[in-house]
1. Can you sort 158, 87, 101, 174 by solvent-accessible area, 1.4 Å probe, largest first?
2. At 1.4 Å probe size, with every protein chain present, just tell me what the per residue accessible area of the stretch 108-159 comes to in Å².
3. Rounded to the nearest 10 Å², what accessible area does residue 143 have for a 1.4 Å probe in the complete protein model?
4. Keeping every protein chain in place, order 91, 117 by accessible area at 1.4 Å, biggest value first, i.e. largest first.
5. Charges on Cβ only, +1 for Lys and Arg, -1 for Asp and Glu, centred on the Cα centroid of the stretch 42-132; of 85, 57, 130, which one is farthest towards the dipole's positive end?
6. Are there any chymotrypsin sites (Phe, Trp or Tyr not before Pro) in the stretch 75-174 that are in a DSSP loop and have at most 16 other Cβ atoms within 10 Å? List them by number.
7. Once you've got the Cα coordinates, tell me which of 109/151; 88/151; 66/88; 66/109 are over 21 Å apart.
8. Quick check: the distance between the Cα centres of the stretch 58-106 and the stretch 117-174, to the nearest angstrom?
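The values are calculated or read from the model by the stated rules, or taken from the named source; none is laboratory data. Given the structure is predicted, the values throughout are model-derived calculations rather than measurements. No Cβ is skipped: glycine too gets one built from the backbone with ideal geometry, and neighbour counts run over all protein chains shown. All accessible areas refer to the heavy atoms of the entire protein, side chains included, with ligands and DNA or RNA removed. Shrake-Rupley method; radii C 1.70, N 1.55, O 1.52, S 1.80 Å.
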Amino acid sequence: CALRFFSPPRRFLSEKNEKIRFCFVSFEKCLKKSPHNNQFFIYIFAKIQVLYMIQEIRIQNFMSFKNEVVFNFEASSDTFAEDFQVVKINDNTRLLRCAIVYGYNASGKSNLLTAFDFLGYFWSYIPVAPDSGTYVRPFRLDSTSFAEPSKFTLVFYVDEMKYCYQLELDAKQV
């Protein structure tokens, strides 16, 4: 068997901060007979990889979160499993690849995931009518929170560039 490597066009390689990684397609698609002889070739495709990492999310007045809650992906100074679990964005920022949320029943674990789902829905939602609303679900266990806006702040990196997305909305408007 021979390996045949393909690289992306030079215009992609010259873009700033782009990283190349090799992706294997499924085994059935990799092995193809050469038209010239009976040898098999394994094709490995190069793909441009852009690094997207969330640093933190702040949620206030959404579902079970009345007061502001911060979920942060910044790594501690512990260096255990540094190579596998931590991504170094720049000299001052180290972010975790994953996090574990645990707690008592009805403590808000699922509502944290629902906040991510809501933001994804909100970014892709196209209202049918101007007065169709935002479908946000504020905290409803007291009389004042229902009238206040829900707030989301998402701090994230695209490669080494830091972005901060803030959203403040109520049931009718952003």
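1. 174, 101, 158, 87
2. Heavy-atom SASA per residue in the stretch 108-159 reads 60 Å².
3. 110
4. 91, 117
5. The one lying farthest along the dipole's positive direction is 130.
6. Passing both the DSSP loop test and the Cβ count: 80, 102, 104, 125, 135.
7. Going by Cα-Cα distance, 88/151; 66/88 fall outside the 21 Å limit.
8. 21
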